[in-house]
Amino acid sequence: MQSKQRILATGADGKFAGLVIPELAKRGANVRGLLRKADKTDQVRKAGAAEIAIGDLNDPASLKTALRGIDAVFYLAPAFLPGEAEVGVRFVEIARQAGVRRFVFSSVIHPVLSGLANHQAKLPVEEAILSSNMEFTFLHPAVFFQNLTGSWQLIVESGIFAEPWSTETKFSRVDYRDVAKVAALALTNDRLLYGTFELCSDGHLNRHEVAALMSEVLGRPIKAEKLDSKVLEKGGDISAIKPMFEWYDHHGLNGNALTLRTILSHEPRTLKEFISELAATHAH
């Protein structure tokens, strides 16, 4: 696929999907960023989008307009989107009807986990893409490094890294900037066509091991603890994510870095490097 063909990137102002736009721009792609509201237009244009479309995944009419003249799509659903499977399947069909030829879907590591709603919701979307006869690439990224960003200041101030599941559970993780690069490659050339790719950085770390990296970077102790989920319940309904916490109490999400390393042709970013960036960015 030629890079000058038009590519629609959903969630163009998002902290994850938004990382794909500059990677596409580097490769000379003509990117149309899909936004829910026009107030982020300047931000997305600065990231490299040549065009802006205003639309909502729950508004088929706006999606039909956004997809007009589009050759390829990057699709990443918002986390815990209500009706995620139905929304995704409908989007795939609208894309097919619009004449889109290639669909790159940022799914999740181990989408076969039926007990986890945010994993299970990806499978019907993948099936819809397979049934569409569009060209495709499926990305199965591990837990994002960027998930640490929101809690970093509290970790630094309290000296505690806490999450609402066992401190012993091991996870593979990945920097979404590396995933974004893979997505851009999949959208702009044929090297990754028809592939399903597990995307992980090196390492299978539990919370104690992540806290040790934080301690090393900060030069002072960071303690790993388990956060009582009842604390979260006080802040609102967590019924949708509680099964995830229960799974993580006993099982991790682990993969292998070989695929990502091979696609990038260099080592993926490491969690220690990311933590060092956080520390530098938030230094007082």
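No value in this document is a laboratory result; all are computed from the given coordinates. Everything quoted here is computed from the prediction, not taken from an experiment. In this analysis, Cβ positions are derived from the backbone assuming ideal geometry, glycine residues included, and neighbour counts consider all displayed protein chains.
In this structure, the pairs whose alpha-carbon distance is over 30 Å, taken from Lys122/Lys181; Lys40/Lys242; Lys4/Lys37, are Lys40/Lys242.
Convex hull volume per residue, computed on the Cα atoms of the range 1-140, equals 96 Å³. Note on the chain: Kirkwood hydrodynamic radius from all Cα pairs is 19.7 Å, rounded to one decimal.
One chain, two ends: Lys170 and Lys226. Fully extended at 0.36 nm per residue, the span grows by 18.8 nm beyond their Cα-Cα distance.
Counted by Cβ distance under 15 Å from His110, the other residues give a net charge of +1, where Lys and Arg count +1 and Asp and Glu count -1. Our estimate of slack between Asp56 and Glu157, defined as 0.36 nm per intervening residue step minus the Cα-Cα distance, is 32.6 nm. Taking 0.36 nm per residue of sequence separation and removing the Cα-Cα distance, the Ser239/Asn147 pair yields an extension gain of 31.1 nm. Spin-label model, Thr281 to His250: label points 7 Å out along the Cα-to-beta-carbon direction sit 3.6 nm apart. Listed from fewest to most Cβ neighbours within 10 Å, the set Phe144, Phe74 follows the order Phe144, Phe74. Working from Cα pairs under 8 Å separated by at least six residues, relative contact order for the range 96-207 is 32 percent.
Computed on the range 163-284, with alpha-carbon pairs under 8 angstrom and 6+ residues apart, the relative contact order is 44 percent.
Only Cα pairs under 8 Å and 6+ residues apart enter the sum, and on that basis the relative contact order of the chain stands at 18 percent.
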